[in-house]
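Heads up, the thing below is written out as structure tokens.
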Ligand SMILES: [Zn+2]
Ligand SMILES: [Zn+2]
């Protein structure tokens, strides 16, 4: 039975948040979701000039450990991520390996100078995790600004979109899940 496995790398989330995330992912993907803590050294992904971590370098560390390609793995880190060519990224996905990463850092209202707000943070986390999982099932970015597969240039886009797939993306998701 295929699963979604979320690995928390040197970060922690309250049980209430994890429960809500699990319930949302199981609702949207109809897949069992599990959480684990993971201690892997990510220091070599740090870029001193940018003060950010290279997302692909963290993801690639886990390639050798993934022997079940059907499972989908998501890493949560609380460091700012980048990929060459972009100022920052909320997350990144490697569909061929079934591994994605999501950064919690820019989902926190306090990153933007606002008061901490767990409700808002949780909504953003649900959206970005669903988005990266969509990529793991070979969905591309969607033009519909309400669709969870809409590309987020900034946190405003994340806040505008819903945590659900539009009808079209949902149709593609269900079709892809049958063959991937
Ligand atoms: Zn994307
Ligand atoms: Zn869509």
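Here are the numbers for this structure:
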| item | result |
| --- | --- |
| Förster radius 41 Å - calculated FRET efficiency between residue 115 and residue 68, Cβ distance, rounded to 0.05 | 0.50 |
| Global size of the range 84-173 as Cα Rg and Dmax, reported in angstrom | 12.9, 39 |
| GNM result for the chain, Cα springs below 10 Å: residue of 15, 157, 80 fluctuating most strongly | 15 |
| Inter-site label distance for residue 32 and residue 143 at 7 Å from Cα along Cβ, in nm | 4.1 |
| Ratio Rg/Rh, restricted to the chain and using Cα atoms, in which Rh is the Kirkwood radius | 0.93 |
| Peptide ranges 138-147, 35-44 listed from the most packed, as the mean C-beta count within 10 angstrom indicates | 138-147, 35-44 |
| Over the range 21-123, equivalent-ellipsoid semi-axes from the Cα gyration tensor in Å | 23, 21, 11 |
| Gained length - residue 97 relative to residue 12, 0.36 nm times residue gap less alpha-carbon distance | 28.1 nm |
| Stretch gain in nm, segment residue 23-residue 60, where the contour uses 0.36 nm per residue and the Cα spacing is subtracted | 10.5 nm |
| Relative contact order %, the range 1-144, counting alpha carbon pairs below 8 Å whose residues are six or more apart | 23 |
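No lab work stands behind these numbers, since they all come straight from the coordinates. Just so you know, these numbers come straight off a predicted model, no measurement behind them. When we count neighbours, we look across all protein chains shown, and the Cβ atoms used for this are built from the backbone with ideal geometry, even at glycine.
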